[in-house]
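These notes concern the structure reproduced below.
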Amino acid sequence: MCGIVGYTGCNNATPILLEGLDTLAYRGYDSAGIAVWDGEQIVMKKEKGQLANLKAIIENEPVFGVCGIGHTRWATHGEPSYVNSHPHGDTKKQLVLVHNGIIENYLRLKNMLIDRGCEFVSDTDTEVVAQLIGSVYSGDPKAAIVEAMRFIEGSFALAILFRDDPHRIYCACKDSPMVVGFGKDGAHIASDIPALLSYTRDVTFMEDKQIAVLSPEGISFFDEFGEWIDKPVVHIDWDMDSAKKGSFEHYMIKEICEEPVAFRKTAEQYVSFREMRLKGDCFPWGDGDAQSIKRIRIIGCGTAYHAGLLGKKYLTTLAKIPVEADIASEFRYADYVFEPGEVLLLISQSGETADTIAAMRMAKQAGVRTIAVCNVIGSTIAREADEVLFTYAGPEIAVAATKSYLTQATVLFLAALRLGQLRGTVSDDEVSALLAELEGLPAKMEALIEQRGDIQYFASREFSARHVFFIGRGIDNALAMEAALKLKEVSYIHSEAYAAGELKHGTIALIEEGTLVIALMTQRHLAAKTASNMEEVRVRGANVLAVTNGRLDDIEGHCSKVWQLDETNELLSPFCAIIPMQLFAYYMAVQKGCSVDKPRNLAKSVTVE
Ligand code: AGP
């Protein structure tokens, strides 16, 4: 969604802001703007569309100054346009600000402010905040922010420049992330870590209703009443290169190619491969949990939810425990009554997804234990969940989640294995055998990635498909859901996942001559069943591709093409099977000339409902 950057120090702020906005562009946006103090006044430049449009304007009319804020806007209130782009100011021209989030009571506040004489120029909820702070401002920026925050309902991350105090950036947030850090030439702020990595890896995460004041000399923090507070500095071990595209054409393909390493890095946090055992201390399960946990409820959105479906299978099979998986946006309004012994397992790459955060807070309020699987240290979910199982995917920049899915599945598999070990449903020998097989997976993944030319060729012949169906049973059904999401989000081709056995109950009516059907068949005990379903669609004209790690004679004659995977334990098959699916989505999108890393209408972090 929207992105915020800010800098105050001894260098020219404009290139720093533009570079930061470039780095945050992956979050999705439709307009951009900056405001810089040029020594005499606050100069604003903004423009609809791509950042290149803003850069062209600044090239013609350069802006120099040592303190500034910048923003990429993903429209919520008011269409993408020049007037609705941030920064926004107040009628008395005392301040300008940029905002991420949604102000829920903005109409009520707007009417109140109009009665007080404010003149609005945009349709945004953000301008309401600028006018509100301006209306209570009487020379003390911090006091005005404290006062204004009392009236605002909704979510916000704000970076504000006050005309009377032009070398400082004032920030405040609630339910919307903001990270600050001090580099060698000044203080920086951003809505996401990658934009700070060029300057520092020691950062501080702002929390709800906290205020930060950035000056060229340092950063101070205050609580919602304006009282000074001390905040910890967190070291981020992501490096700059991991957030850059390097020689790859797109982040998505770079991140797919990083999967073997991300997988190994994540697994090594939880497994001693030397001793072929799980590192018991790294899991949230204590001895008592084996009996006291009665049910696990998995929550996530999009790809994270799909990883949760794999987690459900792992936990039921290995730990023999009842598990439900729900989409966060549904779960939060489901009037769900938690039962004693229930644990909520939240899955989120960013740790900032609004619906997942809401589900977590609901559970916490009900006294339910929360455990998160998360990729971003210091994110809201990582901070607020009772326990965290981190994934070590490094920064994921492409909107389409790839390596985060794989590492989430890895952590879920290992957590299920450990719980099964504690519950006595998996023996130590079985654990060692599964870990030995797990250790060999990166080499298999690498081999698949090396052969990606075949998938590229297949995509070059199929990219004009209008509908693609992914079918499978059990784990393959969960995988099919992720494969279909990947394809539709990056290539804009209508794709659907269907439980293979459900086809006959309606969907098969859509199969016509040439419809592409991809059958996932990594579960040997279900292969014959899925083969029958393949045959049912083939005889109705479908062009069937099978992805299998089983025997070819099971499927021969039922499909026109096979992608053969190495044999693995059935539970481990998704780690390899998902890679060709991601590559297929990627090459279909490339063939169609789509904006692979930033698909239309999508944002990397969905920080609003
Ligand atoms: C899929 O490719 C998406 N990026 C999306 O479905 C994503 O997984 C979802 O928005 C959840 O994000 P999170 O993991 O950061 O919570």
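Where a number appears in this text, it was derived from the coordinates with a stated rule and is not lab data. Small disclaimer: the values here were computed from a predicted structure and weren't measured. Neighbour counts run over all protein chains shown; Cβ positions are idealised from the backbone, glycine included.
Taking the Cβ-Cβ separation of F225 and S138 as r and a Förster radius of 25 Å, what is the calculated FRET efficiency to the nearest 0.05?
It comes out at approximately 0.90.
Can you compute the helix-only [θ] at 222 nm over the chain? Use -39500 (n - 2.57) per DSSP H run of at least 4 residues, normalise by all residues, nearest 500 deg cm²/dmol.
Calculated from helices alone, the mean residue ellipticity at 222 nm is -11000 deg cm²/dmol.
For the chain, take the longest principal axis of its alpha carbons; what is the angle in degrees between that and the long axis of helix 475-491, to the nearest 10 within 0 to 90?
50 degrees
Using label points projected 7 Å from each Cα along Cα→Cβ, tell me how many nm separate R524 and S595, to one decimal.
Simple spin-label model gives 4.7 nm for this pair.
Taking the Cα centre of the range 462-584 as origin, sum charge times position over the Cβ atoms of Lys and Arg (+1) and Asp and Glu (-1), and report the length of that vector in debye to the nearest 20.
160 debye
Assuming a viscosity of 1.002 mPa s and a temperature of 20 °C, what translational diffusion coefficient in µm² per second does Stokes-Einstein assign to the range 346-423, Rh being the Kirkwood radius over Cα pairs?
Result for D is 166 µm²/s.
Could you quote the convex hull projected area for the range 2-91, Cα atoms only and averaged over all directions, in nm²?
Across all orientations, the range 2-91 yields a mean hull projection of 5.6 nm².
Give me the net charge of R418's neighbourhood, meaning all other residues with Cβ under 11 Å from the Cβ of R418; Lys, Arg count +1, Asp, Glu -1.
+1
In degrees between 0 and 90, to the nearest 10, how far off the longest principal axis of the chain does helix 126-136 point, with axes built from Cα atoms?
30 degrees
Would you order T76, T380 from fewest to most other beta-carbon atoms within 10 Å of each residue's own beta-carbon?
Lowest to highest Cβ neighbour count: T76, T380.
Which net charge results when you count Lys and Arg as +1 and Asp and Glu as -1 among the other residues whose beta-carbon is under 10 Å from that of T568?
-3
Can you list the trypsin sites (Lys or Arg not before Pro) in the range 88-157 that are in a DSSP coil and have 16 or fewer other beta carbons within 10 angstrom?
Here the sparse-neighbourhood loop sites are K92, K93, R116, R150.
Can you spot the lysines whose alpha carbon is less than 17 Å from K488's alpha carbon? Ignore those fewer than 8 places along the same chain.
Here the lysines satisfying the reach criterion relative to K488 are K592, K598, K604.
Taking the Cα centre as origin and putting +1 on Lys and Arg beta-carbons and -1 on Asp and Glu beta-carbons, what dipole magnitude results for the chain, to the nearest 20 debye?
660 debye
Please report how far the C-alpha centroid of the range 283-340 lies from that of the range 1-74, rounded to the nearest whole angstrom.
Rounded to whole Å, the Cα centres lie 42 Å apart.
Of all GluC sites (Glu not before Pro) in the range 1-52, which ones are in loop regions per DSSP and have a Cβ with at most 16 other Cβ atoms within 10 Å?
Those satisfying the criteria are E40.
Loop-only trypsin sites (Lys or Arg not before Pro) in the range 454-501, please: DSSP not H, G, I, E or B, and at most 15 other Cβ atoms within 10 Å.
Within the range 454-501, the qualifying trypsin sites (Lys or Arg not before Pro) (loop, at most 15 other Cβ atoms within 10 Å) are R466.
On a 0 to 90° scale, report how tilted helix 441-450 is relative to the longest principal axis of the chain, with both axes built from alpha carbons and the result rounded to the nearest 10.
On a 0 to 90 degree scale, this one is about 80.
Can you give the extra length, in nm with one decimal, that the chain gains between E40 and H167 once fully stretched, where that is 0.36 nm per residue apart less the Cα-Cα distance?
Taking E40 through H167 to full extension adds about 44.6 nm, to one decimal.
Can you tell me the length gained on complete extension of the stretch E609 to S532, counting 0.36 nm per residue apart and subtracting the Cα distance?
Contour length minus the Cα-Cα distance gives 23.6 nm.
In percent, how large is the relative contact order of the chain, given Cα pairs closer than 8 Å and 6 or more residues apart?
Relative contact order for the chain comes out at 12 percent.
Using the basic label-point model (7 angstrom from Cα toward the beta carbon), what is the D241 to E61 distance in nanometres?
4.2 nm
How far, in nm, would the chain grow between D287 and E217 when pulled straight, counting 0.36 nm per residue and subtracting the alpha carbon separation?
20.3 nm
Tell me, K604, K174 in order of fewest to most beta-carbon neighbours within 10 Å?
With the sparsest Cβ surroundings first, the list reads K174, K604.
Suppose each label sits 7 Å from its Cα in the direction of the beta carbon; what would the Y82-R274 distance come out to in nanometres?
Distance between label points: 6.5 nm.
Can you work out the FRET efficiency for the pair E249 and E450, with r the C-beta to C-beta distance and R0 = 22 Å, to the nearest 0.05?
Here the calculated transfer efficiency is 0.80.
Looking at the calculated P(r) for the range 511-608, what percent of the C-alpha pair distances fall above 19 Å?
Beyond 19 Å sits 52 percent of the P(r) for the range 511-608.
In whole Å, largest first, what are the principal axis extents of the Cα atoms in the range 360-491?
For the range 360-491, the Cα spread along each principal axis is 53, 39, 29 Å.
Working only with C-alpha atoms, what are the Rg and Dmax values of the chain, expressed in angstrom?
25.5, 80
Take the Cβ-Cβ distance between L510 and S427 as r, set R0 to 35 Å, and report the resulting FRET efficiency rounded to the nearest 0.05.
0.15
How big is the range 290-447 on each of its three principal axes, counting only the C-alpha atoms and giving the largest first in Å?
Between the extreme Cα coordinates on each principal axis of the range 290-447 lie 42, 40, 23 Å.
Let me see the pair-distance distribution of the range 289-377: every alpha carbon pair, 10 Å bin width, integer percents in order.
Taking all Cα pairs of the range 289-377, the binned fractions are 18, 55, 27, 1 percent.
Where the centroid of each part is defined by its Cα atoms, how far is the range 442-467 from the range 190-252 in Å?
Centre-to-centre (Cα) distance: 37 Å.
For a footprinting-style exposure proxy, rank M178, M481, M112 by other Cβ within 10 Å, fewest first.
Result, fewest neighbours first: M112, M481, M178.
Can you give me the pair-distance distribution of the range 54-117, C-alpha pairs, 10 Å bins, whole percents?
15, 44, 30, 11, 0
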